[in-house]
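Asks: Quick one: this structure, given as structure tokens, is what I'll be asking you about.
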Amino acid sequence: MNLVSVLESLLFIVGDEGLSLDEIKNILDVNDNDVKMTIHNLIESYKNNSRGIEIAFLGNRLKLITKKENKKYLQKLVDIKDDEHLTDAALETLAIIAYNQPVTRLMIDEIRGVSSSYLIRKLIYKNLICEVGRSEAAGRPVLYGTTPLFLDYFGLKSIKDLPNIEITKDDSVKELYDSKYNEKKL
């Protein structure tokens with residue numbers, strides 16, 4: 001049995017969901033060392049060719065993904081609409097959540113200086129954020145955090161791979177998150 005071939009087939013079948021190391025180990029019925037060697041061999045076989053797909057860890061899951069350099073052609077295929085892209089305001093809100101998670105809507109609103117309710121709903125709909133619990137504060141507001149799709153969307157292995165942001169005494173947090181758009185306060 002060729003474990004590399006089997007793993008490639010498994011990744012093709014599971015699609016966007018990918019597989020964790022434990023799932024691969026259990027399905028292939030192999031030890032940790034064999035699973036790591038099989039993954040390494042599969043990743044290397046994709047690096048050394050001119051295929052349009054590659055193998056990558058996104059989040060804690062191994063996935064079969066398209067190569068980034070083919071993006072403009074893939075966009076033509078699926079005819080992505082402009083309104084499906086994230087606006088600057090949505091990216092700003094997403095950055096606040098990613099760097100401060102778990103975070104409440106009120107905390108996001110305070111940083112942005114405007115209501116973020118609509119953007120939070122949009123990001124939940126796009127499955128980039130989700131409810132991760134409830135705060136102990138009065139009223140027990142919802143806490144938001146990023147999802148595994150967030151990691152996929154930005155090509156990150158983990159939330160720790162986010163770029164570091166340094167704020168000096170001269171910087172104001174409000175200036176870092178000011179939106180280019182004038183949004184109506186609700």
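The values are calculated or read from the model by the stated rules, or taken from the named source; none is laboratory data. This structure is a prediction, so every number in the text was calculated from the model and none was measured. All Cβ positions, glycine included, derive from the backbone under ideal geometry; neighbour counts span all protein chains shown. The area values use the complete protein model at the heavy-atom level, side chains included, leaving out ligands, DNA and RNA. Shrake-Rupley method; radii C 1.70, N 1.55, O 1.52, S 1.80 Å.
Asks: Take the residues in the stretch 1-19 that are among the aliphatic types (A, V, I, L, M) and in contact with a strand residue (DSSP E or B) (Cβ under 7 Å, 6 or more places away or on another chain); name whichever of them is farthest from Thr147 (Cα to Cα).
Replies: So in the stretch 1-19, the residues among the aliphatic types (A, V, I, L, M) come out as 1, 3-4, 6-7, 10-11, 13-14, 19.
Adding the requirement that they be in contact with a strand residue (DSSP E or B) (Cβ under 7 Å, 6 or more places away or on another chain) leaves 10-11, 19.
On the way: Leu10: 23, Leu11: 20, Leu19: 16 Å.
Once the filter is applied, the top-ranked residue is Leu10.
Asks: Looking at Asn100, is it open to solvent by less than 80 Å² (accessible area, probe 1.4 Å), touching a helix residue (DSSP H, G or I) at 6+ places or on another chain (Cβ under 8 Å), polar (S, T, N, Q) and without any contact (Cβ under 8 Å) to a residue 12 or more places away in the chain? Give the steps one after another, and end with the answer.
Replies: Numbers: open to solvent by less than 80 Å² (accessible area, probe 1.4 Å): yes; touching a helix residue (DSSP H, G or I) at 6+ places or on another chain (Cβ under 8 Å): yes; polar (S, T, N, Q): yes; without any contact (Cβ under 8 Å) to a residue 12 or more places away in the chain: yes.
Here the answer is yes, as Asn100 does meet what is asked.
Asks: Quickly run through the stretch 16-26 and pick out the residues that are open to solvent by 60 Å² or more (accessible area, probe 1.4 Å) and over 16 Å from Glu54 (Cα atoms).
Replies: Start the filter on the stretch 16-26 by keeping residues that are open to solvent by 60 Å² or more (accessible area, probe 1.4 Å), which leaves 16-17, 21-23, 26.
If the condition is that a residue be open to solvent by 60 Å² or more (accessible area, probe 1.4 Å) and over 16 Å from Glu54 (Cα atoms), then Leu21, Asp22, Glu23, Asn26 are the ones that fit.
Asks: Of everything in the stretch 117-136, what is under 16 Å from Tyr99 (Cα atoms) and either free of Cβ contacts under 8 Å to residues at least 24 places away in the same chain or in a strand (DSSP E or B) (or both)? Give them in sequence order. Explain how you work it out, then say what you get.
Replies: Keep residues of the stretch 117-136 that are under 16 Å from Tyr99 (Cα atoms), which gives 120, 123, 128-132.
The answer is Ile129, Cys130, Glu131, Val132.
Asks: When Ile13 is evaluated against the numbered criteria (1) open to solvent by less than 50 Å² (accessible area, probe 1.4 Å); (2) without any contact (Cβ under 8 Å) to a residue 12 or more places away in the chain, which criterion, by number, is the only one it fails?
Replies: (1)
Asks: Quick one: count up the residues across the stretch 32-63 that are under 16 Å from Val4 (Cα atoms), assigned to a strand (DSSP E or B) and open to solvent by less than 40 Å² (accessible area, probe 1.4 Å).
Replies: Adding up the residues that qualify gives 4.
Asks: Just the residues that are in contact with a strand residue (DSSP E or B) (Cβ under 6 Å, 6 or more places away or on another chain) and open to solvent by less than 40 Å² (accessible area, probe 1.4 Å), please, taken from the stretch 127-145. Reasoning before the result, please.
Replies: Keep residues of the stretch 127-145 that are in contact with a strand residue (DSSP E or B) (Cβ under 6 Å, 6 or more places away or on another chain), which gives 129, 131-133, 135, 140-145.
Those that are in contact with a strand residue (DSSP E or B) (Cβ under 6 Å, 6 or more places away or on another chain) and open to solvent by less than 40 Å² (accessible area, probe 1.4 Å): Ile129, Gly133, Ser135, Val142, Leu143, Tyr144, Gly145.
Asks: For Asp29, which of the numbered conditions (1) under 19 Å from the mean Cα position of the chain (by Cα); (2) open to solvent by 70 Å² or more (accessible area, probe 1.4 Å) fails to hold?
Replies: It fails just one condition, (1).
Asks: Quick one: what pairs do we get from the stretch 19-30, first residue assigned to a helix (DSSP H, G or I), second modelled with pLDDT of 90 or more and small (Gly, Ala, Ser), C-beta under 8 Å, 6+ apart or different chains?
Replies: Nothing qualifies.
Asks: Let me confirm something: among Leu106, Leu86, Leu123, Leu94, which residue is over 27 Å from Leu7 (Cβ atoms), hydrophobic (A, V, I, L, M, F, W, C) and open to solvent by 50 Å² or more (accessible area, probe 1.4 Å)?
Replies: Details: Leu86 fails: open to solvent by 50 Å² or more (accessible area, probe 1.4 Å); Leu123 fails: open to solvent by 50 Å² or more (accessible area, probe 1.4 Å); Leu94 fails: open to solvent by 50 Å² or more (accessible area, probe 1.4 Å).
That would be Leu106, the only listed residue that is over 27 Å from Leu7 (Cβ atoms), hydrophobic (A, V, I, L, M, F, W, C) and open to solvent by 50 Å² or more (accessible area, probe 1.4 Å).
Asks: Another question, then. If a residue has to be among the polar types (S, T, N, Q) and at pLDDT 90 or above to count, how many in the stretch 19-58 make the cut?
Replies: The initial filter retains those residues of the stretch 19-58 that are among the polar types (S, T, N, Q), namely 20, 26, 31, 33, 38, 41, 45, 48-50.
Now drop any that are not at pLDDT 90 or above, which leaves 20, 26, 31, 33, 38, 41.
Residues flagged as among the polar types (S, T, N, Q) and at pLDDT 90 or above within the stretch 19-58 amount to 6.
Table: residues versus (1) touching a strand residue (DSSP E or B) at 6+ places or on another chain (Cβ under 7 Å); (2) not hydrophobic (A, V, I, L, M, F, W, C).
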position	(1), (2)
Lys63	yes, yes
Gln75	no, yes
Leu86	no, no
Glu92	no, yes
Leu106	no, no
Arg112	no, yes
